[in-house]
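Coordinate-derived values only; no laboratory data. In this text, all values refer to a predicted model and were calculated from it rather than measured experimentally. Counting neighbours? That spans all protein chains shown, and the Cβs are built from the backbone with ideal geometry, glycine included.
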Amino acid sequence: MCRVLDNSLFIKDRKKYTKISECAISFNSLYNKNNIIQDDIFNVLENYVARHDMPFDMLRYPVKDADLCACTFIRKGRMFVMVNSALPLSKQIFAAAHELYHIYCYFEGYDSALLQSGSILASDIIDEEANEIEDMEANAFAAILLVPKERLDEQTDVYNLSYKDISVQTVLKIMDIFAIPYKAAVLRLLEEDKIETKTAKKLLQVTDEEISKQIELTGKAARWQEIPRDFIRFGSLSKLMYDVERLDAVREERLADDKNRLNEIMESLRKQ
């Protein structure tokens, strides 16, 4: 678990972390008005792309490969973000915020690689460690965006949270408030000087089984561990098919074939 710390931008490169923090704070102020985002991250991402006048589709469907969390790519001038809806909702939220950083870098002109090769977010980048510096940056950006310092301080006061002799239950409360995974919550507490490195290491040694048991016993953060059943979204495809049908723009036989094919794809995804 110490790899999570060793490969976090906060530990690896404090100067660069500060720069990413400034970017996340600025972004939050401009596009979210410093609210707690939670699952509104999908709307924040879509709005950000729309404000750059690029056609966009958000794809969310279950993928059998649990290692694939999300990916972003551009084809023929349209941007696509795919998030694996077979993941717990908190990981989907963090994955979307992570991908938002890559998109942010693309629009701000920091990185053109997204245009050529896209980006792929694997589970170990969220769960264990990020080896590439850009993934470290994206993880830091996502965590700061989802847990802004001001909101963390505010909620600490609201719920009278104590970080002295901190327990797993307190971390679960942070997870519940901000809809983030366990390890991201521990890192944010460390980054904002709520806990010491020694305490963070101890918390990161808690097993996934114990965390799940505590969630089950207390109910804290349980809503963000759910995996929405049959959640499938193909961006604007359904709306486009509806518009075509309403305008009577194609033959009925062609439209029926397209609907049947889409239903077949959706059924095959539900069976995964």
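Give me log10 I(q)/I(0) at q = 0.20 Å⁻¹ for segment 74-121, Debye formula, one equal scatterer per alpha-carbon, no solvent.
-0.68
For segment 86-212, what does the equivalent ellipsoid look like in terms of its semi-axes, each the square root of 5 times an eigenvalue of the Cα gyration tensor, given largest first in whole Å? Walk me through the numbers on the way to the answer.
Details: eigenvalues 151, 50, 33 Å².
Gyration-tensor ellipsoid for segment 86-212: 28, 16, 13 Å.
So which of 12/64; 64/202; 33/173; 64/183 end up more than 31 Å apart, counting from Cα to Cα?
Table pairs above 31 Å Cα-Cα are 12/64; 64/202.
Residue-wise, which Karplus ³J(HN,Hα) couplings in Hz belong to segment 49-63, taking 6.51 cos²θ - 1.76 cosθ + 1.60, θ = phi - 60°, and x for glycine or proline?
The phi angles translate into 5, 4, 6, 9, 6, 10, x, 8, 9, 9, 10, 9, 7, x, 10 Hz.
Please report how far the C-alpha centroid of segment 24-87 lies from that of segment 95-142, rounded to the nearest whole angstrom.
When both Cα centres are located, 12 Å separates them.
How fast does segment 3-118 diffuse by Stokes-Einstein, in µm²/s, taking the Kirkwood radius from C-alpha pairs at 4 °C and 1.567 mPa s?
Answer from the Stokes-Einstein relation: 85 µm²/s.
Using per-residue counts of other Cβ atoms within 10 Å, averaged over each peptide, order 191-202, 133-144 from highest down.
Per-residue mean Cβ counts within 10 Å order the peptides as 133-144, 191-202.
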